[in-house]
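First up is the structure itself, then whatever we jot down about it.
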Amino acid sequence: MTTYLDNAATTQPLPEVTEAVARAMRDNYGNPSSLHGLGAAASRALARAREEVAALVRAEPDEIIFTGSGTEANALGLLGAARSASAARGRHLVTSSIEHAAVHQSAHKLAAEGWQVQEVAPSKEGCISAEAVLAAVRPDTAIVAVMLANNEIGTLQPVAEIARALRGRKIHLHVDAVQFAGLVPVDVRTKGADSIAISAHKLHGPKGIGALWLRRGKTLTALYGGGGQERDLRSGTENLPACVGFGLAASLARADRAAHDRVAKLRDQLEALVFEGFPQLRPAVPLSAPRAPHISGILMPGLPAEPVLHALEARSVFASQGAACSSHAREPSRVMQALGVPASTGSLRLSLSRLTTTEDVTRAASALAASVSEIARAVSGTR
Ligand code: PLP
């Protein structure tokens, strides 16, 4: 019996989604741009998937641009906005120091192209305040990029408040909402952003398919040219099976109205078991901070994360150390650095999903207790 608590890295596709993807591959293999019947069937399936994804974030279907990942949706939102920004507007970008690599690296790319990039640091709660963003904005600021839910500590950034503070300034606000995971309500109308990136594999959909919501009337410059698909913004024959899987996953996420509260309750149970049972473990941010329901960041002062993760795996519990994407790099996490966490403190991320059960939570908590004791003994033995 495995306990999968690495849902911020990726989620298990739902069986219905896997079947719909396979069916679309097998039966709906026409090119949506072809004029014959098979092409028309593919085009209808694509339109339906677009409607379903749009409905999840309360957008209009023509505002959804399918991309090859959440990373690409972020790159298109950020680089595409930068390249279409008028030179007269200026080349100053404000972002946060806790963004996912997808946004951080795009900002770096812009810096190499002559943009000035200013990073706003989070509060002790791990949040980026609207005041801090506004203080960083200058007359030549053309873009602001702030994420919705942080992928390592789960904190929610006050995107709607930031949008309100920026209103009337002709600044493109891009939001990385990949970690909303279908659990945090995203209504693009009330968020006030200009572009929002999402990804299917974080909400029980297939990997390799993301979407950018682009507010009507806003323009972007495509990252590359080709057949002009996706309103000329993302050329390349559409990955129809993945789009279909994304659409179904979005519909199922939308239908599970109780998911947010259910997952938050399970996370609270998990944190109560972990922090009450093990006073030496600390939450990465105060438990009262505004947080997405599915991510719990845990600090282990004096303990390295990797052996604890292996000890957990030996007990069939799968979790992550900070962000899965940066764990290959083995560099200290930028988020933990921004929070002032010392390098000697290991950090774990336990992340839940709509499929997580109470049994998962109790099993994970007892496995963590055993793993931490085992590694603490080994560490003190080597001192
Ligand atoms: N942004 C955030 C906040 C993420 O957590 C991730 C994935 O971990 C991404 C972007 C990248 O999404 P994808 O894996 O679909 O490229």
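Miscellaneous remarks
- Long-range HN-HN contacts of A8 with modeled amide H, under 5 Å: S351
- Remark: C-alpha extents of the stretch 86-229 on the principal axes read 45, 41, 29 Å, sorted largest to smallest.
- Under 23 Å from K218, Cα to Cα: lysines that are on another chain or at least 8 residues apart: K109, K170, K191
- Projected over all directions and averaged, the alpha-carbon convex hull of the chain occupies 19.2 nm².
- Alpha-carbon spread of the stretch 193-258, three principal axes, descending order, Å: 40, 28, 14
- Span from the the stretch 11-42 Cα centroid across to the the stretch 169-196 one, whole angstrom: 28
- Separation of the stretch 78-93 and the stretch 294-310, taken as the distance between their Cα centroids, equals 39 angstrom.
- Ranked by the mean number of other Cβ atoms within 10 Å of their residues, highest first, the peptides 18-28, 47-57 fall in the order 47-57, 18-28.
- Cβ-based charge dipole, the stretch 257-383, positive-most Cα from S373, H310, S353: S353
- Take the Kirkwood radius over Cα pairs of the stretch 107-168, plug it into Stokes-Einstein at 20 °C and 1.002 mPa s, and you get 170 µm²/s for translational diffusion.
- For the stretch 231-310, the spread of Cα positions along each principal axis, largest first, Å: 53, 31, 23
- Extending 7 Å from Cα along the Cβ direction at T18 and again at L134 yields two label points whose distance is 5.0 nm.
- For the chain, calculated [θ]222 nm from helices alone, where every DSSP H run of n ≥ 4 adds -39500 (n - 2.57): -13000 deg cm²/dmol
- Distance between modelled label sites at A343 and R315, nm, 7 Å Cα→Cβ extension: 2.9
- Rounded to the nearest 20 debye, the dipole size of the stretch 15-255 about its Cα centre is 480 debye, using +1 on the Cβ of Lys and Arg and -1 on the Cβ of Asp and Glu.
FYI, it's all coordinate maths here, none of it is from the lab. Since we're looking at a predicted model, the values are computed, not measured. In this analysis, Cβ positions are derived from the backbone assuming ideal geometry, glycine residues included, and neighbour counts consider all displayed protein chains.
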